[in-house]
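Asker: First the structure, then my questions, so here it is.
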């Protein structure tokens, strides 16, 4: 995992987060069983993210033990689940 500094556009605050993985469209597939475990639930979250956004890829980061997803849009912007723009360094 590599470390990145993430901040919201227009904000002076930032957080150092570990990049876990990036999925591109078509790389994640839905899992039908909810009892299969955490990796399968994450796969379903990624599939849902692609269904509900125009993201070209979705990255998972972990900061302070909390995982979160960043959506990479076709125009080059990165946004979080609430559509706030995120800067990644």
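Asker: Identify the single condition in (1) out of contact with any strand residue (DSSP E or B) (no Cβ under 7 Å at 6 or more places or on another chain); (2) at pLDDT below 95 that residue 74 does not satisfy, given that it satisfies every other one.
Answerer: For residue 74, the failing item is (2).
Residue-wise test of (1) in a strand (DSSP E or B); (2) in contact (Cβ under 8 Å) with a residue 60 or more places away in the chain.
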site	(1), (2)
49	no, no
55	no, no
58	yes, no
61	yes, no
69	yes, no
76	no, no
82	no, no
87	yes, yes
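Asker: So, of the residues in region 33-53 that are more than 11 Å from the chain's Cα centre (by Cα) and modelled with pLDDT of 75 or more, which turns out to be nearest to residue 70 (Cα to Cα)?
Answerer: 53
Asker: I'd like to know if region 10-32 contains one or more residues that are in contact with a strand residue (DSSP E or B) (Cβ under 9 Å, 6 or more places away or on another chain), surrounded by 12 or more Cβ atoms within 10 Å (Cβ to Cβ) and modelled with pLDDT under 90.
Answerer: Yes, some residue in region 10-32 is in contact with a strand residue (DSSP E or B) (Cβ under 9 Å, 6 or more places away or on another chain), surrounded by 12 or more Cβ atoms within 10 Å (Cβ to Cβ) and modelled with pLDDT under 90.
The values are calculated or read from the model by the stated rules, or taken from the named source; none is laboratory data. Note that the coordinates shown come from a computational prediction; the quantities given were computed from them, not determined experimentally. Cβ coordinates were reconstructed from backbone atoms using ideal geometry, including for glycine residues, and neighbour counts include every protein chain displayed.
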